[in-house]
1. When chain A is treated as a GNM, springs tying every alpha-carbon pair under 10 Å, which of A:Thr229, A:Thr188, A:Thr20 comes out with the largest mean-square fluctuation?
2. Within 10 Å of each Cβ in D:267-277, how many Cβ atoms from other chains are there, averaged over the peptide?
3. Select from B:Arg237, B:Arg68, B:Arg76 the residue whose mean-square fluctuation is largest in a Gaussian network model of chain B (Cα-Cα springs shorter than 10 Å).
4. Decide, for the protein assembly as shown, between rounded, prolate and oblate: order the square roots of the alpha carbon gyration tensor eigenvalues as a ≥ b ≥ c, take rounded if a/c falls under 1.5, and otherwise choose prolate if a/b is larger than b/c, else oblate.
5. Please give the helix D:86-100 orientation as an angle from the longest Cα principal axis of chain D, in degrees from 0 to 90, rounded to the nearest 10.
6. In percent, what relative contact order does chain C have, based on Cα pairs under 8 Å that are 6 or more apart in sequence?
7. From the label point of A:Thr243, set 7 Å from Cα along Cα→Cβ, how far away are the matching label points in the other copies, in nm, ordered shortest to longest?
8. Which of B:Val14, C:Val129 has the fewest other C-beta atoms within 10 Å, and how do the rest follow up to the most?
Protein chains: 4
Amino acid sequence: MATLNGVEIEDTYVESCEITSSQILVTSLTKDIALANAQRLCRGIITFSPIEGFLGNYVSPSETPDRRPGFYVLLRGMRSMDIDTKKGRETFEEAFTNLLCLTPHMPTIAVFNAVPKEKTAFASDAGQVVRLWGDGFETKAKVQGRQIFHIPVMTGESIIEKSFVITTSFDGALEISCQDISSALLATKAAAERVLDEVKGAFVMHPFGGVNGAKIGAINYKTQKATTTTFLCPTIRNKVPETRVPEGVNTVIEYLVWALDIATVKKGLKVSLDTITRIPGIKRISSFNQGGLWGKHKIQLREIIEKSQNARA
Amino acid sequence: MATLNGVEIEDTYVESCEITSSQILVTSLTKDIALANAQRLCRGIITFSPIEGFLGNYVSPSETPDRRPGFYVLLRGMRSMDIDTKKGRETFEEAFTNLLCLTPHMPTIAVFNAVPKEKTAFASDAGQVVRLWGDGFETKAKVQGRQIFHIPVMTGESIIEKSFVITTSFDGALEISCQDISSALLATKAAAERVLDEVKGAFVMHPFGGVNGAKIGAINYKTQKATTTTFLCPTIRNKVPETRVPEGVNTVIEYLVWALDIATVKKGLKVSLDTITRIPGIKRISSFNQGGLWGKHKIQLREIIEKSQNARA
Amino acid sequence: MATLNGVEIEDTYVESCEITSSQILVTSLTKDIALANAQRLCRGIITFSPIEGFLGNYVSPSETPDRRPGFYVLLRGMRSMDIDTKKGRETFEEAFTNLLCLTPHMPTIAVFNAVPKEKTAFASDAGQVVRLWGDGFETKAKVQGRQIFHIPVMTGESIIEKSFVITTSFDGALEISCQDISSALLATKAAAERVLDEVKGAFVMHPFGGVNGAKIGAINYKTQKATTTTFLCPTIRNKVPETRVPEGVNTVIEYLVWALDIATVKKGLKVSLDTITRIPGIKRISSFNQGGLWGKHKIQLREIIEKSQNARA
Amino acid sequence: MATLNGVEIEDTYVESCEITSSQILVTSLTKDIALANAQRLCRGIITFSPIEGFLGNYVSPSETPDRRPGFYVLLRGMRSMDIDTKKGRETFEEAFTNLLCLTPHMPTIAVFNAVPKEKTAFASDAGQVVRLWGDGFETKAKVQGRQIFHIPVMTGESIIEKSFVITTSFDGALEISCQDISSALLATKAAAERVLDEVKGAFVMHPFGGVNGAKIGAINYKTQKATTTTFLCPTIRNKVPETRVPEGVNTVIEYLVWALDIATVKKGLKVSLDTITRIPGIKRISSFNQGGLWGKHKIQLREIIEKSQNARA
């Protein structure tokens, strides 16, 4: 079995799911306020929400359209919203537009499209709906080739770009076996921070990076669509024959990276693996896959750590 | 006109809306994680969401059922969810239960009912739905007279109480006229922090305390249910005859406090007013009311500041 | 051996050292700024500094002399500054006054004496020196029976109380044996937060609560006054016959609480023990004492945990 | 008079003082701990301390010698420590070494020299003193061409590089006239954050960026070496004929950037000016100089903003 920084990496693959999504840039007067505003859009956890949001890189004022600090946000639809069907796209667009309609409430916010040209798939004039908040007092303008609306609000103006892009994004999940929860939380937080700092275009679950995963379907409660990953739960390892939790492992944590393309997900997983394996108490890293039920794309862990080791050499 | 710390307080009232709600306590392994978990439930802004969440007091391990740090969260439904009708209660209960179903994903979380006995209205066994996540491996237990479920998850166990309470809560909004946005943000953040620290049972919009408000209906876009509060927008004061924004005011911010009873909303507004009026650049405080369209309960600003001044004397 | 929450507590005592000190209250325009200003005074680690500072409770605007948010700071001298001798007191007073002379540089700061009446020992008119910063433009005033100076500064005014109190304070150190550093850091941070939140008058090393300890003198480098606690270092346990680090312990961390009286130190250690022993990966708690070389006061761990268990029963 | 983003910039120069200094890199297990450790070294304010420390850029694990997250710290001596004299260098080296001797107390810390080759002036084997903390159990190693010591400590090991560099650094101070303190604090915090994010090798006063300045000498208290900048204090403008505080300005704040070379100070001031002038409530920017009494190097504000405007065009 391969190892990285002394930690075992199982020779398996990450099952990545491509889902209808959009990527936006949220700027505000200061970095603190931009973060608070962006986080308010980073809600939901996929199993139950029409749209889930994840936090991306900080973008410095030198690189934003309005010269104010900002953060990227990835807005990701449900698996049922198929980008290849008109209905799938429309369902996503409606949920996406509804979410953007919250933004004029947020002090000093501006919201820009942030899907790069090469990932452009379908256009959405979501901004045309959001601007109606202005009740006829909103005004048009151009900033760096972007068509935007200035919407008057109590604190001044709220900015929304006219056109956004509906495209797809990819996920990548690691399954990290740890001695205890302290190591798990320290490791996934450190990895998520490093991804946001170093990997342009990657997104994480802010601030702790990790969640308890789900399996599709159920063993006992047959009508449930998703339930706990019984084979990865330390407290019931003696009751579950197919358990994958060895002695000495008291916590398993699922750690995720998202991006508009698989190459960026891989870069995110690579620095995450380097960070996570350097934290004391991490026992083994794998990825649980559901035989294609979750996603069609495969990311081999072996390939990622080979790159890591070459980079180090 | 009355003044507090040298700032004008208009002689008007806050229009408070009573809405179907529940109040929960979220605990976790550490304060940081408890806060991150609680905030993930504090999503939404009322105009568009079935449930909006607000952050409440930190609760120290000495006072929580599981001796771990926690935060209160107020979950508030939509105006259409009438607690006096079966349908209203059921619509709220469904949205509430869906939201709680996210919690087993969150590392180390426990979720307890936090509605005090005297505010109990209707019971909801939402925990009976959430526990199904355990796929038959969840177990029952009693903690301090509470019936709880231990749900096995990857990081260990997720705790959910069996029964919650559906009741009502109240809001209270101030309209703060400021020289500029810097004063507005400093003041509302300071006020929100102080409310969480000093007023037991009060809730705020964390961390900045303030939003851009909405008016019901529209002047120009007649089909819109809610639009910007045109008469409070500084940038269009010259285009709106009914403007309430005087010269020298470049920002107005709406600041809100919520609680399960009006007395606590008043206490929250009282310390908020004391804090806000001490920040340089605050020009005038009022509350915009919609003639009963928003809510039936009235909180007189005069009454609140009289209490403030007595407390000081 | 006694246990608390399943963790072994050695039957030994904490050796507490009484040292010449003062306690101040730092307030500022907002909580964030008050914290930044207070932390700038919390410098130093005893072995080398004339004064070391520790962070205390947040004090809400309702309870501060100037109705602004504040934090307590404990300023603690060196062991050589004997409060019973004129020279000891003068050496402390000089270092204390020098430190306070930094405060007019800090935006919006006010500094008040915070030694309670019953702990008053010697008075120091340190504020009379600090006020000279005003170059003749400072003014006198009275606030709640306190004589203060308003010193004009660029951002407005800096406030300093005229008289401070020189008294003594006590420390209390735990030695926490952990599976790994992740548990150690999570546990001591959580304990330090809880002490600041629950134990009035207690102080901690903010924000992580823990340090690497020192032993007085040396084994090999005879001229060194203090060196690493060789018998508590995991990486050299095989080279040090007197090691107290068992197999399975990869980190030991020293965790400290300070206060103006031993009773408060005990209360701080009590909630700290309750918090630390609930974090997974904590193996054993003790306190290393130096046979009275460090301090003359003894705090029995047994006594503290008995109180803990009674409180719980 | 020139303007930037609508704010007046006085046509004057910043008086920059070259002072004996060193630059180090502090790494730790996680970013949070690295920041806490680095900040503990960023103590003091020049008027009274032998060494003052300032926070620099975050350095990602991909770029640090030990692959852990880190922060730069600039350690700056007193004006009396002349690098061109043996005594000046020795006085700095002693204070610098004393400060580094605190580091083995800090959990998981490593301290590396961070003076670039081209700024190397004098070598200091400060690490040879710090390593004595290991009491003979410390060991030597090489990391990326650096000679380091592993010092056993309770939490594991503390790392110190053997050789550091004594060189000089430069400061640059702006004087920012603001409508009120809210604008001042928002602006200087935002500027300081942006400098750390965008300008490699620059240092700021973390986290608020601003201080109340000092003038050398006094008007009334002739024996004082430094006193408040009377001509910049808003509350006494009517008592000081030479006041530079116009009506409408209620706060002036001094904002500083430091670096090992003047070019980096200029870059830091450039992005700071761009950020500060975009915050509402900023009235005018200047720099007060003391006719060469403070420093011999001049940075023309005009030159900096010309670059800003070209960069924007």
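Bear in mind these aren't lab numbers, they're just calculated from the coordinates by the rules spelled out. On a predicted model such as this, the values are computed, not experimentally measured, just so you know. FYI the Cβ positions are ideal-geometry reconstructions off the backbone, even for glycines, and counts take in every protein chain you see.
1. A:Thr229
2. 1
3. Largest GNM mean-square fluctuation: B:Arg237.
4. rounded
5. For helix D:86-100, the angle is close to 70 degrees.
6. Computed value for chain C: 25 percent relative contact order.
7. A:Thr243 label point versus its equivalents elsewhere: 3.2, 6.9, 7.6 nm.
8. C:Val129, B:Val14
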